[in-house]
Structure formats: C-alpha cells, structure tokens
Amino acid sequence: MAPISVGDSLPDGTVSYFDDEDNLQSVSVHSLAAGKKVILFGVPGAFTTTCSLKHVPGFVEKAEELKSKGVEDILLLSVNDPFVMKAWAKTYPENKHVRFLADGSAKYTHALGLELDLAEKGLGTRSRRFALLVDNLKVKVANIESGGEFTVSSADDILKAL
C-alpha cells in the first residue's frame, strides 16, 4: 500500500487513549479530526531516544504557536498499547495539548501505509516517523521520514507549512 500523501482523505480507524479521568477510550480517528485542522504525527516507539528527546518535545513546546495558527488538535500516534502511551505521556508534565494515541496492533498505521518493519531490532511492526497536517480529513501536508531519520517531520517543519 502506498503511503498517505497530500490530497488523500485521512482513513478512519480506531485508536485508544486514557482521558483526563483516567478512563480508557477507544475512538475513531474521524471523530477526532472531522471538521477540524489537526496535526497527526507518528513515531516508531515510546520512550525511544529520538522520539522522546526531539520529536515529541518539539510538538509539546510549540503547541501554543501551532494552535495560534489554527491547529485545533495535536495527535501523537505510536504502535504501543494505551498503558505504555499513558506512562509516556506522564513524562511530559508540561504537556497540555498533545494527545497520546495508541495503535496497539498497527492497524491504523497500516491503513496510513506507514508501517516500518523493525523485526530485526526486536521491535516488530512500528510506525514510520511522520507528521501530517489535516484539514477536515484532507491531508494538506505529508512529511514522512525515511528509515529512522528525523529531518522533515518536526513541529518546526509543520509551522513552516502553516
């Protein structure tokens, strides 16, 4: 399957997260993104070096600036279970706007065409690193990394496109 690209409709699928009352929620991606301008960004793994020290902090730190440019929600997707994503989210106490979404079986990542096979590293199927700017379910920007790179999918890269 070809990776999602500019002009494509964001596919629907189910992801999970813990809400503010610590209840596990399973929701459709369309329910989170329909009628809104959102950023959906994905990382290969929770608690991994580049993801934890560079990619996620950039979106946490730039969230207010992104919102001032019309972004309504910032959604982080990773192929992990919701309990891991909840624990990872707690390592960013300053975070007010990035929602940590779990794609435990990589079904949604597959629907995006963004799977990354890391079986040789013992990690199984993961997500490629990416950042999408989506307006009412239409992809306006698709910044998708090759391999383990981090060159085009940062918060600053999305800010340049706004």
Practice task
Evaluate region 128-135: report whether one residue or more is under 16 Å from Thr48 (Cβ atoms), open to solvent by less than 10 Å² (accessible area, probe 1.4 Å) and among the aliphatic types (A, V, I, L, M).
Solution key: no
Problem - Failed item, numbered, when Val84 is tested on (1) out of contact with any helix residue (DSSP H, G or I) (no Cβ under 8 Å at 6 or more places or on another chain); (2) open to solvent by less than 10 Å² (accessible area, probe 1.4 Å); (3) β-branched (Val, Ile, Thr) - result: (2)
Problem - Close pairs (8 angstrom Cβ cut-off, 6 or more residues apart or separate chains): among the small types (Gly, Ala, Ser) in region 30-46, assigned to a strand (DSSP E or B) and open to solvent by 10 Å² or more (accessible area, probe 1.4 Å) anywhere - result: Ala33/Asp73; Gly45/Arg126
Practice task
Inspect all residues belonging to region 82-90 and state whether any of them is part of a strand (DSSP E or B) and either closer than 15 Å to Arg129 by Cβ or β-branched (Val, Ile, Thr) (or both).
Solution key: no
Practice task
Looking only at region 107-129, decide whether some residue is of a type in the set (Lys, Arg), out of contact with any Leu (no Cβ under 6 Å at 6 or more places or on another chain), within 26 Å of Gly7 (Cα to Cα) and modelled with pLDDT of 95 or more.
Solution key: yes
Problem - Test result for Glu72, open to solvent by 50 Å² or more (accessible area, probe 1.4 Å), of a type in the set (Asp, Glu) and more than 21 Å from Phe18 (Cα to Cα) - result: no
Practice task
Take the residues in region 15-31 that are open to solvent by 40 Å² or more (accessible area, probe 1.4 Å) and in contact with a helix residue (DSSP H, G or I) (Cβ under 7 Å, 6 or more places away or on another chain), then tell me which one is nearest to Ala89 (Cα to Cα).
Solution key: Phe18
Practice task
Evaluate region 32-53: report whether one residue or more is at pLDDT 95 or above, part of a helix (DSSP H, G or I) and open to solvent by less than 20 Å² (accessible area, probe 1.4 Å).
Solution key: yes
Exercise for the section: Please indicate, with yes or no, whether at least one residue in region 110-121 is open to solvent by 70 Å² or more (accessible area, probe 1.4 Å), out of contact with any Pro (no Cβ under 9 Å at 6 or more places or on another chain), assigned to a strand (DSSP E or B) and under 21 Å from Val29 (Cβ atoms). Expected result: no
Practice task
Select from region 122-145 the residues that are assigned to a loop (DSSP other than H, G, I, E, B), farther than 19 Å from Lys160 by Cβ and of a type outside the set (A, V, I, L, M) and list them in ascending order.
Solution key: Gly122, Gly124, Arg128, Asn136
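The values are calculated or read from the model by the stated rules, or taken from the named source; none is laboratory data. Keep in mind it's a predicted model, so treat the numbers as computed, not measured. Quick reminder, even Gly has a Cβ in these numbers, built from the backbone with ideal geometry, and neighbours come from all protein chains shown. These area figures cover heavy atoms from the full protein model, side chains too; ligands, DNA and RNA do not enter into them. Shrake-Rupley method; radii C 1.70, N 1.55, O 1.52, S 1.80 Å.
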